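Everything below concerns the one structure shown next.
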Amino acid sequence: MRTGVWLAAAVVLHGLVYFFLVPPWMGEDEPWHLEYARNLAVAEGDEGADELTVSQRRIHARTGADPDEVVRGQALITASMREHRFWQRVDFAGWEHGADSLDHFVRGHSEAGQPPLYYAACAVLLKLSGLEDVGRQLGLLRGLSFLCYLAVVWLTYALARRAADEPWVAVAAALVVAWLPMHARQSAVVSNDVLVKVFAAATLWLVALGLTGRGGKAVIAGAVACAALALATKPTGIGVAAPLGVGLALSVAGGRGRRAGLFAGLLAVGLLAAGAVLYWMTVGSAALPDGDLRAHLRWLFSGDFARKTVRTFFGSFNWYTRELPGPMYTAGATAVALGLAGSLFAAFRRPVGLARGVIAVCWLAVLTQLLAMVLRGFAAGRFFFPVLPALATLVAVGFVAPLPERWRARAAALLASALVVYDGFALWNGLFPNQYLEWGS
């Protein structure tokens, strides 16, 4: 009980460090995410729509917001970006003077193609708050991101508790999620990335509950609902589709045997995949496989995919324009690889209290998410965060579970120390100098 209290307090304090340290507009695509939510919260209108810029027409068509308010909103956002020295922090931002719309930053870009669930929730918060200043609106929605960060840490702890009876595995998994620098930074970023990972993490936890005999059909129904909400938030929630299929299969097959379970699993995965593709085609999502698949595979095996994914997963700042020293990426990737290898060793060795089914589901989630990123042909660490609880659980199992019981607390403490050092270096030698000390684009 005391360990849980100390863990919760440490996670809250650590999240607050990032919440107060990350400057306004330093989350990737943050201006457009706020714009989408703002325009859902204002009155509708059609007059003057022909006079809008490319991105303004897109957000007007998506939200139905009054055209004058669309123009005014972008002017207020760019003014706030200028006030907070956005153009000096982001190297590709270009010339700031005279910019009064987001098209002057990235022409034609908009988040209007994203599913509306996250933005609708944000719009409700903005309406209830009555805030008009865009800086305060940004702060309010960042508060929602902070709560999502805490929720994902808790769900990771709960998932890892289903994977292993050893409580130090759960503590280690929660620490991995809480202290990963780029994930901790999401406690202070306005983006639909912060909500999709909550629904995805909840799906994985509920599937794990079902696999360990907790909750029955009600748990599987909850997992289906959470997976649907994840996909309605952002298509990067696709990583939970295959684990959910396994959970559905085992629930349907019941005691009918392995063959029935396998058949039901394949059928469930096929139906989920078909439903996901149909949904994406209906809403015109950009998450569908894009371009030439052979080109994507060549890119994958060239090493560029791995390098970019590792860089943006472990630490890349100022809209991915400034990096950590190379050895930091090597150290992070090596640690994760060792943890994953350890999870396989532990699963085959099968120490007492380790749930193989949950371990398999975590691996399935990680591999499904990687496959989706390859098919899309785009690498970004934050796109992997919907299944970060699964990855953290595997890493924690790999470092803690294979050891004798008397050494597990020490292993968790050693992992916690390494995470604190790593995060501290990223914070004070990556985020802080790049976003406060080094200027000029």
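The values are calculated or read from the model by the stated rules, or taken from the named source; none is laboratory data. Because the structure is predicted, anything quoted here is derived from the model rather than measured. Neighbour counts run over all protein chains shown; Cβ positions are idealised from the backbone, glycine included. To get the accessible areas, we keep the full protein, side chains included, count just its heavy atoms, and leave off ligands, DNA and RNA. Shrake-Rupley method; radii C 1.70, N 1.55, O 1.52, S 1.80 Å.
Here is a list: Arg82, Arg72, Arg2. Which entry is open to solvent by 40 Å² or more (accessible area, probe 1.4 Å), under 30 Å from Ser417 (Cα atoms) and more than 27 Å from the chain's Cα centre (by Cα)? Being open to solvent by 40 Å² or more (accessible area, probe 1.4 Å), under 30 Å from Ser417 (Cα atoms) and more than 27 Å from the chain's Cα centre (by Cα) holds for just one of Arg82, Arg72, Arg2, which is Arg2. If you go through segment 206-240 and keep only what is crowded, with 24+ Cβ neighbours inside 10 Å and among the small types (Gly, Ala, Ser), you end up with Ala208, Gly210, Ala223, Ala227, Ala230, Gly237, Gly239. A count restricted to segment 91-114 and to residues that are in a loop (DSSP other than H, G, I, E, B) and surrounded by 21 or more Cβ atoms within 10 Å (Cβ to Cβ) stands at 4. None of Ala49, Ala10, Ala65 is touching a residue at least 40 places away in the same chain (Cβ under 8 Å) and among the hydrophobic types (A, V, I, L, M, F, W, C) except Ala10.
The set of residues in segment 379-396 that are in contact with a Ser or Thr (Cβ under 6 Å, 6 or more places away or on another chain) and modelled with pLDDT under 95 comprises Ala379, Ala380, Gly381, Phe383.
Residues in segment 429-441 that are open to solvent by 40 Å² or more (accessible area, probe 1.4 Å) and under 23 Å from the mean Cα position of the chain (by Cα): Phe432 alone. Within segment 152-170, residues that are touching a residue at least 12 places away in the same chain (Cβ under 8 Å) and open to solvent by less than 70 Å² (accessible area, probe 1.4 Å) have Cβ atoms under 9 Å from residues that are in a helix (DSSP H, G or I) and among the acidic types (Asp, Glu) in these pairs: Glu166/Glu405, counting only partners at least 6 apart in sequence or on another chain. Among the residues making up segment 8-37, those that are in a helix (DSSP H, G or I) and surrounded by fewer than 19 Cβ atoms within 10 Å (Cβ to Cβ) are Ala8, Ala9, Ala10, Val12, Leu13, Leu16, Val17, Phe20, Leu21. Annotation: Val358 fulfils all but one of (1) modelled with pLDDT under 90; (2) open to solvent by less than 40 Å² (accessible area, probe 1.4 Å); (3) farther than 24 Å from Ser417 by Cβ; (4) not hydroxyl-bearing (Ser, Thr, Tyr); the unmet one is (1). In this structure, Gly339 does not qualify as in contact with a helix residue (DSSP H, G or I) (Cβ under 7 Å, 6 or more places away or on another chain), small (Gly, Ala, Ser), part of a helix (DSSP H, G or I) and at pLDDT below 95.
Within segment 122-143, the set of residues being open to solvent by 40 Å² or more (accessible area, probe 1.4 Å), among the aliphatic types (A, V, I, L, M) and touching a helix residue (DSSP H, G or I) at 6+ places or on another chain (Cβ under 7 Å) comprises Leu125, Leu131, Leu140.
Scanning segment 55-68 for residues that are under 30 Å from Leu427 (Cα atoms) and not polar (S, T, N, Q) turns up nothing. Could we say that Ala221 is over 21 Å from Thr309 (Cα atoms), at pLDDT 95 or above and in a helix (DSSP H, G or I) here? Considered against the rule, which asks whether it is over 21 Å from Thr309 (Cα atoms), at pLDDT 95 or above and in a helix (DSSP H, G or I), Ala221 comes out as no.
Is it the case, given these coordinates, that Val5 is among the β-branched types (Val, Ile, Thr) and not in a helix (DSSP H, G or I)? So Val5 does not fit the description; no. For segment 38-62, filtered to residues that are closer than 22 Å to Gly139 by Cα and surrounded by fewer than 24 Cβ atoms within 10 Å (Cβ to Cβ), the residue that is modelled with the highest pLDDT is Leu40. Residues in segment 120-133 include none that are within 19 Å of the chain's Cα centre (by Cα), in contact (Cβ under 8 Å) with a residue 24 or more places away in the chain, closer than 22 Å to Arg58 by Cβ and assigned to a loop (DSSP other than H, G, I, E, B).
So how many residues does segment 364-398 have that are out of contact with any helix residue (DSSP H, G or I) (no Cβ under 7 Å at 6 or more places or on another chain) and within 13 Å of Val240 (Cα to Cα)? Residues meeting the conditions: 3. Can you say whether Glu405 is closer than 29 Å to Ala295 by Cβ and acidic (Asp, Glu), as far as the supplied structure shows? Criteria not met by Glu405. Among the candidates Arg376, Arg350, the residue that is open to solvent by 20 Å² or more (accessible area, probe 1.4 Å), farther than 27 Å from Pro181 by Cα and modelled with pLDDT under 85 is uniquely Arg350.
The set of residues in segment 353-390 being out of contact with any Pro (no Cβ under 8 Å at 6 or more places or on another chain), among the β-branched types (Val, Ile, Thr) and under 22 Å from Ala232 (Cβ atoms) consists of Val387 alone. Is at least one residue of segment 351-367 part of a helix (DSSP H, G or I) and closer than 21 Å to Pro327 by Cβ? No, segment 351-367 has no match at all.
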